[in-house]
Amino acid sequence: MARRRSERMLVTRVTGVGEARQMKRSPDELIVEEPMSIQLDGTLIATTMRTPGNDFELAAGFCHTEGLLGGASIIGVRYCVDGSAVDSEFNIVTVETGGRAPKPTPRLGNVSSSCGWCGSEQIDDLCARLAPIPSSEAFDLDVIAAMPDRVLGEQGLFARTGSVHAAAAFTRSGDVLLMREDVGRHNAVDKVIGSMLLDPAQTLPADSDEQFGLFVSGRASIEMVQKAWAGGFSAVVAVSAPTALAVDAARRANLLLAGFVRGTTFNIYAPERLSAPLIRADPR
């Protein structure tokens, strides 16, 4: 069932300054934000605010990137295990492994869709759960620089509302494989990874010999790196800055991390996969 992802409302638009200022009532399109509860084998594991759409991908991707599947395969994803999906307004999604996943601990609190957790002990936990990304061919610097414009051209919701984040999987040659949008940037990433998990025609980078990058439209937090690492992506390209903890995690993951990617300039924070050497270091 198609869900409404944006809503038109009347707003007051202000233009000009001083005596030339004008105010006019006009329609504007706003992004829809609703809570979604995620269950794993019938146990509530998270509630997150999200933009409706690609809900099954979001739930599957979340379970994978948070390490909750324990290597178990997903055998089904559906709305509301205990009743009518209509009665729950399509806001409860259950991921099913037939009980093969480790029994999750019930959680009642919300999971933020915008801010990550912190603490260097989290990186130690990731290193215990995830192997470093294997070294392979380098990403071309021109591909990194071009990703924001290539993804922006496919952001239909952003063009209409201006208030959603995007995540996209791309190849080493710069082709965008798939893109997802959501009010939460973490949700957008989980939707990309969930799509690759659930689509028989696609595989996660971790399960293939190909090298893929992950583009994110916001900052590169530790959780962005965690999710990319769990999916097996070789690079994370972000339009804003990373955190120091994200850089530490990327370096330990052997994952290229590029930030402030805008136009022809950007920073490389984890430089293991550059296609060209840096000519010289800035002495400042």
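One table, with the values for the structure above:
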read-out: Test: Ser240 is hydroxyl-bearing (Ser, Thr, Tyr), touching a Phe, Trp or Tyr at 6+ places or on another chain (Cβ under 8 Å) and surrounded by 24 or more Cβ atoms within 10 Å (Cβ to Cβ); value: no
read-out: Strands (runs of 3 or more DSSP E) contained entirely in segment 5-107, each with at least 1 residues that are modelled with pLDDT of 90 or more and either closer than 24 Å to Val183 by Cβ or more than 23 Å from the chain's Cα centre (by Cα) (or both); value: 34-40, 43-50, 76-79, 92-96
read-out: Of all residues in segment 235-258 being within 15 Å of the chain's Cα centre (by Cα) and among the small types (Gly, Ala, Ser), the one that is modelled with the lowest pLDDT; value: Ala246
read-out: Filter result for Ala206 (hydrophobic (A, V, I, L, M, F, W, C), surrounded by 23 or more Cβ atoms within 10 Å (Cβ to Cβ) and not in a loop (DSSP other than H, G, I, E, B)); value: no
read-out: Number of positions in segment 119-162 that are within 24 Å of Ala246 (Cα to Cα) and either outside any helix (DSSP H, G or I) or among the aromatic types (Phe, Trp, Tyr) (or both); value: 12
read-out: So Ala146, is it over 22 Å from Asn254 (Cβ atoms), surrounded by 23 or more Cβ atoms within 10 Å (Cβ to Cβ) and in contact (Cβ under 8 Å) with a residue 24 or more places away in the chain; value: no
read-out: Which listed residue, of Leu256, Leu214, is surrounded by 19 or more Cβ atoms within 10 Å (Cβ to Cβ) and more than 15 Å from Ala166 (Cα to Cα); value: Leu256
read-out: Output for segment 259-282, where each listed residue is modelled with pLDDT of 90 or more and acidic (Asp, Glu); value: none
read-out: Which numbered condition Leu157 fails, given (1) modelled with pLDDT of 90 or more; (2) closer than 30 Å to Thr265 by Cβ; value: (1)
read-out: Selection within segment 217-237 - surrounded by fewer than 24 Cβ atoms within 10 Å (Cβ to Cβ) and hydroxyl-bearing (Ser, Thr, Tyr); value: Ser217
read-out: Residues (of a type in the set (Ser, Thr, Tyr) and over 21 Å from Phe90 (Cα atoms)) located in segment 1-57; value: Thr12, Thr15, Ser26
read-out: All positions within segment 231-255 that are under 16 Å from Ala206 (Cβ atoms) and either part of a loop (DSSP other than H, G, I, E, B) or of a type outside the set (Gly, Ala, Ser) (or both); value: Gly232, Phe233, Ser234, Val236, Asn254, Leu255
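The values are calculated or read from the model by the stated rules, or taken from the named source; none is laboratory data. These numbers were taken from a predicted model, which means no experiment stands behind them. Virtual Cβ from ideal backbone geometry, glycine too; neighbours counted across all protein chains shown.
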